[in-house]
Amino acid sequence: MNNNELLVARRQAAVARGVSMAHPVFIERAENALLWDADGRRYIDFAAGIAVLNTGHRHPALVAAVEAQLRRFTHTCYQVVPYESYVTLAEKINALTPGTHAKKTAFFSTGAEAVENVVKIARAATGRTALVAFSGAFHG
């Protein structure tokens, strides 16, 4: 039995069935657009974390930014203990957004959280309670 097969067996014993797995291949490391599995085989990563890794795996600038942040602090909830980089990023995004009107930005950790909040924001901005939405779409 190879390493991937052993990991599949461990997964079946420890992970709930509702958590799907597209391929019986377990990643050991990645660099740029390449992945290496638990058995040392190399793959081109066409999925890229479901299209969220547009800089590839372990881009040097991203690794440096993460290391610098880890030296300062690892996590705090902005709503409880805010930090300057949140405001700086919001300012940059506001400046890039078209139009000369006042703009504000909010950051969310998941697509579902973003959809929930856009519904609240739309209701508050329009004063309406109902809205039109699509069902069956990915994250709204």
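Here are a few things to note about the model shown:
- Rounded if a/c under 1.5, otherwise prolate or oblate - the range 1-74, Cα gyration tensor axes: prolate
- Heavy atoms of residue 67: accessible area, 1.4 Å probe, square angstrom to 10: 90 Å²
- GNM flexibility winner over the chain from 62, 96, 35 (Cα, springs under 10 Å): 96
- Förster radius 41 Å - calculated FRET efficiency between residue 17 and residue 88 (Cβ-Cβ, nearest 0.05): 0.40
- DSSP-loop chymotrypsin sites (Phe, Trp or Tyr not before Pro) across the range 66-113, with at most 16 other Cβ within 10 angstrom: 73, 78, 83, 107, 108
- Accessible area (Å², 1.4 Å probe, nearest 10) - residue 20: 110 Å²
- In the range 4-81, the trypsin sites (Lys or Arg not before Pro) that fall in loop regions by DSSP, at most 15 other Cβ within 10 Å: 17, 41, 58
The values are calculated or read from the model by the stated rules, or taken from the named source; none is laboratory data. Every value quoted in this text rests on a predicted model; they were computed, and no experiment measured them. Methodologically, a virtual Cβ is constructed for each residue, glycine included, from the backbone with ideal geometry; neighbour enumeration extends over all protein chains shown. Just the protein is used for accessible areas: all its heavy atoms, side chains included, with ligands, DNA and RNA removed. Shrake-Rupley method; radii C 1.70, N 1.55, O 1.52, S 1.80 Å.
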